[in-house]
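Peer 1: Dropping the structure in here first, questions after.
The values are calculated or read from the model by the stated rules, or taken from the named source; none is laboratory data. Computed from a prediction, not measured in an experiment: that's the story for all the values here. For neighbour counting, all protein chains shown are included, and Cβ atoms are generated from backbone atoms with ideal geometry for every residue, glycine included.
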Amino acid sequence: MVTRNDLKERARYVYEIPKSFREGMRVSARVYASPELMEQIFSDKSLDQLVNTAMLPGVVEPVIAMPDIHQGYGCPVGGVVATRTADGVISPGVTGYDINCGVRLLATQVEAEAIRERQQTLVDLLFTQIPSGVGGRGPIHLSEGDMNAVLERGAEWAVKRGYGRKEDLARIEEGGVARDARADAVTPRAKQRGRDELGTLGSGNHFVEVQRVERILNPDEAERLGLFPGQLCFMIHSGSRGLGHQTCSDYVNLCRRAMPRHGIRVPDQELACAPFHSAEGQDYYHAMRAATNYAFANRQVLTHAIREAWDQAAVGLVKDRDVRVVYEVGHNVATLFEHEGEQLLVHRKGAARTEAGKPLIIPGSMGTASYLLVGTEKAEREAFGTCAHGAGRVMSRSQAKKQVEGHALREQLEAQGILARTKSYAGLAEEAPFAYKDVDAVIRVVDTTGLARPVARLVPLAVVKG
Amino acid sequence: MTQFAFVPHTADIAIRLRGAEFADLLRAGALGIAAAATDQETLAPRRAPGVAPRRIVAEGAPDEEGLLVTFLNELLFQGETNGEVYTDLEVQAYSLAEGVRAEAYPDPTLTPTRSIKAATYYDLHITRGPDGLEATVVFDV
């Protein structure tokens, strides 16, 4: 187990686990955390999982833990693992099952106060019109041709089918279309799982929130991004649904079989991988990029549903009912990245891709604040263009349920002025705010270390949970 | 002997499976998935009267851990695409080369309240002791 004594403080909120810590480590591990977050990080095996990733072939110095890190499976959530494409590996398990799970922020043109009398109507419309929870079927049944088009054209496909506007695409990473996606690399079983799920929220920690801009922290950037105090916004958290899960499962198995042939050994089988340029590595890369497109399209269709619900709720009350996409960032992705003259593949498991000057979204737990930030050159230079992705869990789901019952939690949230709708009250309890770290503490670390600059703080008014 | 128990995990769901033989581990895994999907701490095997079992075929794997995970993921796939929760399992045959053939018994009275994305290989080791086999599987949820 990694202990406090194994960490060397390199700068304020920056710690290192040297590669001499464990035999087999090819690079050191860096942890961005404050002392208070570090206490929570030591409560599980997340740093040991991070150390394991430092043993992957072709890994680049250092592997990184973001301040919201917590234990996952194989790679910790909040882990960043860059490998050289020339002689390094690609790992489906390090990227994760919900490929390109991510968040999208939408902004109305009015203050939240303008809709207060219809806030309940709004959340009820969102809840009834957005399929959520287990087994939720979406508004679209994809034919084989449409499925292939979604996998290769992402959000652009959705916009062409009327689920949004062309200008939305400019405010999504990669314009909402992941290059190098190949529909034929996605297995028929994965396509089968995804056929009826486009435009569905899913369950677990996925949500749609109605939010209010509580505080502007960087007026110039806020103005550039079209945010103002009191503004009513929406936030979506969802991913590639069953198609992404199946894609990861299929390729973890393929890589496990291929590893002996490539002479690769890993400290944990969930880190199964293949050389990036091998047939298995390339097939996974193209399939993962295709699943990335499915997630882009999914959030685009969800955006359309939110616009429709908002339009119905606000008609006759609000004149300008335009809803703009502010930005969208993905969390479980592996992308190519140029770094010091080398091409890398940056695996981000529960970590957000960020670019200097571009927006970044860090949602908090249900009932707490979320942040809009902008990326920095420092994050590109020091963290392979990556930042934290959320608050990060600190308590198991079963423990959370022992501490609060779902209906009671809903009442507590409503007493705080936050309307909650869910199909699973057990699931609601599992996502209780106290099961997560303090998002403000996470933001302090990313701000202090220069990984991102906060622009605005948003607080929830209503939440629809999967 | 077929047993499962939930083990604490920060974000996901970990289930410890016990069984006299490998087939019992598979059955324990099926019951653990059904309990996790329907938010129950325990679940005894049962077969709904008059409901036909679903045939489950999972491909082979290089080792028993692979066979276990591949089978559990096949069960998750069938459960999700057919909207079913399986409360009992009869393993008909298994081998590393041929995979697993089994019949899973859906209970139409149960509705899943939790989506389970996948069974993972994280820290997975099937161990043999005097009471049989044991393995802890972490599921991404």
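Peer 1: For A:D44, state whether it is touching a Pro at 6+ places or on another chain (Cβ under 9 Å), within 12 Å of another protein chain (Cβ to nearest Cβ), assigned to a loop (DSSP other than H, G, I, E, B) and farther than 22 Å from A:L254 by Cα.
Peer 2: yes
Peer 1: Another question about this same structure. Check whether at least one residue in segment A:100-117 is touching a residue at least 40 places away in the same chain (Cβ under 8 Å) and within 18 Å of A:H286 (Cβ to Cβ), and report yes or no.
Peer 2: Yes, some residue in segment A:100-117 is touching a residue at least 40 places away in the same chain (Cβ under 8 Å) and within 18 Å of A:H286 (Cβ to Cβ).
Peer 1: Within segment A:265-316, how many residues are farther than 23 Å from A:V159 by Cα and out of contact with any Lys or Arg (no Cβ under 6 Å at 6 or more places or on another chain)?
Peer 2: Summing the residues that are farther than 23 Å from A:V159 by Cα and out of contact with any Lys or Arg (no Cβ under 6 Å at 6 or more places or on another chain) in segment A:265-316 gives 22.
Peer 1: Which one of these does A:N52 not meet: (1) over 18 Å from B:D123 (Cα atoms); (2) within 14 Å of chain B (Cβ to nearest Cβ)?
Peer 2: With respect to (1) over 18 Å from B:D123 (Cα atoms); (2) within 14 Å of chain B (Cβ to nearest Cβ), A:N52 is out only on (1).
Peer 1: Residues that are closer than 17 Å to A:D320 by Cα, in contact with a strand residue (DSSP E or B) (Cβ under 9 Å, 6 or more places away or on another chain) and not β-branched (V, I, T): does segment A:88-107 have at least one?
Peer 2: Yes; the residues of segment A:88-107 include at least one that is closer than 17 Å to A:D320 by Cα, in contact with a strand residue (DSSP E or B) (Cβ under 9 Å, 6 or more places away or on another chain) and not β-branched (V, I, T).
Peer 1: Among the residues of segment B:65-89, write down those that are touching a residue at least 60 places away in the same chain (Cβ under 8 Å) and either over 23 Å from B:I126 (Cβ atoms) or within 12 Å of another protein chain (Cβ to nearest Cβ) (or both).
Peer 2: B:E65, B:L68, B:V69, B:L72
Peer 1: When the residues of segment B:78-123 are filtered to those that are of a type in the set (A, V, I, L, M, F, W, C), under 14 Å from the mean Cα position of the chain (by Cα) and not in a strand (DSSP E or B), which remaining residue is farthest from A:G72 (Cα to Cα)?
Peer 2: Across segment B:78-123, the extreme among qualifying residues is B:V85.
Peer 1: Go over the candidates B:R128, B:R101, B:R114 one by one and state the one that is within 14 Å of chain A (Cβ to nearest Cβ) and basic (K, R).
Peer 2: B:R114
Peer 1: Filter segment B:86-100 for residues that are aliphatic (A, V, I, L, M) and buried (at least 23 other Cβ atoms within 10 Å of the Cβ) and give the result.
Peer 2: If the condition is that a residue be aliphatic (A, V, I, L, M) and buried (at least 23 other Cβ atoms within 10 Å of the Cβ), then B:L89, B:V100 are the ones that fit.
Peer 1: OK, next. Give segment B:40-64 a look and list any residue that's under 22 Å from B:Q3 (Cβ atoms), of a type in the set (A, V, I, L, M) and free of Cβ contacts under 8 Å to residues at least 24 places away in the same chain, or say none.
Peer 2: B:A44
Peer 1: When you scan segment A:283-334, how many residues do you find that are among the hydroxyl-bearing types (S, T, Y) and over 24 Å from A:K166 (Cβ atoms)?
Peer 2: Qualifying residue count, segment A:283-334: 2.
Peer 1: Right, something else. Take the residues in segment A:421-446 that are among the aliphatic types (A, V, I, L, M) and within 18 Å of A:S396 (Cβ to Cβ); name whichever of them is nearest to the other protein chains (Cβ to nearest Cβ).
Peer 2: A:A426
Peer 1: To continue, here is another question. From the list A:F234, A:F207, pick out the single residue that is closer than 18 Å to A:D322 by Cα and among the aromatic types (F, W, Y).
Peer 2: A:F234
Peer 1: Another question about this same structure. With respect to the numbered conditions (1) within 14 Å of chain A (Cβ to nearest Cβ); (2) crowded, with 23+ Cβ neighbours inside 10 Å, which one is the sole condition not fulfilled by B:L25?
Peer 2: For B:L25, the failing item is (1).
Peer 1: Here's a follow-up. Consider only pairs whose beta carbons are under 9 Å apart and that are at least six residues apart or on different chains; among these, list those whose first residue lies in segment A:143-166 and is without any contact (Cβ under 8 Å) to a residue 40 or more places away in the chain and whose second residue is surrounded by fewer than 22 Cβ atoms within 10 Å (Cβ to Cβ) and of a type in the set (D, E).
Peer 2: Every condition considered, the pairs that remain are A:N148/A:D184; A:R161/A:D146.
Peer 1: Oh, and also: List pairs: first residue in segment A:70-93 and at positive phi, second residue at pLDDT below 95 anywhere in the structure, Cβ distance under 8 angstrom, at least six positions apart or on different chains.
Peer 2: Once the first residue is at positive phi and sits in segment A:70-93, its partners that are at pLDDT below 95 give A:G78/A:G392.
Peer 1: Does segment A:121-130 include one or more residues that are in a loop (DSSP other than H, G, I, E, B), of a type outside the set (S, T, Y) and touching a Leu at 6+ places or on another chain (Cβ under 8 Å)?
Peer 2: yes
Peer 1: Cβ-Cβ under 8 Å, sequence separation 6+ or interchain: first residue in segment A:362-390 and free of Cβ contacts under 8 Å to residues at least 60 places away in the same chain and crowded, with 24+ Cβ neighbours inside 10 Å, partner part of a loop (DSSP other than H, G, I, E, B) and not acidic (D, E). Which pairs?
Peer 2: Short answer, once both residue conditions are applied: A:G385/A:T354.
Peer 1: Write out, first by first residue and then by second, each pair whose Cβ atoms fall under 6 Å of each other, whose residues are 6+ apart or on separate chains, and whose first residue, in segment A:247-269, is touching a residue at least 40 places away in the same chain (Cβ under 8 Å) and more than 7 Å from every other protein chain (Cβ to nearest Cβ) while the second is part of a helix (DSSP H, G or I) and of a type in the set (F, W, Y).
Peer 2: Filtered contacts from segment A:247-269: A:Y251/A:Y284.
Peer 1: Among the residues of segment A:175-197 satisfying the criterion of being more than 10 Å from chain B (Cβ to nearest Cβ) and surrounded by 23 or more Cβ atoms within 10 Å (Cβ to Cβ), which is nearest to A:A158 (Cα to Cα)?
Peer 2: Per the stated criteria, the residue is A:G176.
Here's the yes/no breakdown for (1) in contact with a helix residue (DSSP H, G or I) (Cβ under 6 Å, 6 or more places away or on another chain); (2) within 14 Å of chain B (Cβ to nearest Cβ):
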| residue | (1), (2) |
| --- | --- |
| A:C75 | yes, yes |
| A:G79 | yes, yes |
| A:R84 | no, no |
| A:P92 | yes, yes |
| A:G96 | no, yes |
| A:N100 | yes, yes |
| A:R104 | yes, no |
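Peer 1: Let me ask something else about it. Name the residues in segment A:57-79 that are of a type in the set (D, E) and within 16 Å of A:S396 (Cα to Cα), would you?
Peer 2: A:D68
Peer 1: Quick check: anything in segment A:378-385 in contact with a helix residue (DSSP H, G or I) (Cβ under 9 Å, 6 or more places away or on another chain) and at pLDDT 95 or above?
Peer 2: yes
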